[in-house]
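Throughout, read-outs are computed from the coordinates displayed, never taken from laboratory work. The model shown is predicted, which means the values in this text are computed figures rather than measured ones. Glycine gets a Cβ as well: all are built from the backbone with ideal geometry, and neighbour counts include every protein chain shown.
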Amino acid sequence: MRPAEVDCNPTETDEHLLAAYRASGCRKALDTLVRRHLRAIRALMLPMVLDDAAADDLTQEVFLRAFRGLDGFRGKSRFSTWLYRVAMNTAYGFLNRRGKGRVEFRAELPDRVEREAAGPEKDALGAELAAEVTAALGTLSPKLRAAVALVGMQQMGVRQAAKVEGCTLATMYWRLHQARRLLKRRLERYASS
């Protein structure tokens, strides 16, 4: 097939878009992949690094690394799984450079409290709970935080999360169990409310 004949349809699967890019250099295919996965990668970065500005920077870095390393993608897994792996490696690298230990959130969480007729008390309680959840995430190790981010926040299946993390299914289940146990202990005063 000549490069000019390669279809670069944005409704195609990730794998078809990659094939179109590899065959013809179709930049539109890469743009579509970025648009398709940008929100999910950004949503993964924030709970991992707990820093709004760093999450933005790292999201850009993930796509740069992924597109520079496309030759390394052999298609043995879905593109999205491989992209999440690139994202996790990027997040772990950032956390290692920044130093181990607890992490503090450095920006305001988006206001996710439903604004009903309940008024300012409910808003204040919701903001307090959001801050506590974020602080509790910061006390988890990066591996436990990753389990929560992938399975709990990204709604990823445990099997796929284990593939992304490069660990066994049993290890992922253990990480989830540990993370939930620690978060429950930290947030138990809110559970009874």
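3J(HN,Hα) along the range 139-150: 7, 7, 5, x, 5, 5, 4, 4, 4, 5, 5, 6 Hz, from the Karplus curve 6.51 cos²θ - 1.76 cosθ + 1.60 with θ = phi - 60°, whole Hz, x for Gly and Pro. Taking amide hydrogens as placed 1.01 Å from N in the peptide plane, the amide H of Cys26 sits under 5 Å from those of Tyr21, each at least 5 positions away in sequence or on another chain. For Val158 and Glu12, the difference between the fully extended length at 0.36 nm per residue and the C-alpha to C-alpha distance is 49.9 nm.
Backbone geometry of the range 164-177 corresponds, through the Karplus equation with coefficients 6.51, -1.76 and 1.60 at θ = phi - 60°, to 3J(HN,Hα) couplings of 4, 7, x, 10, 6, 4, 4, 5, 5, 4, 5, 4, 4, 4 Hz, x marking Gly and Pro. FRET efficiency for the Ala43 to Arg74 pair, using the beta carbon distance and R₀ = 30 Å, is estimated at 0.70.
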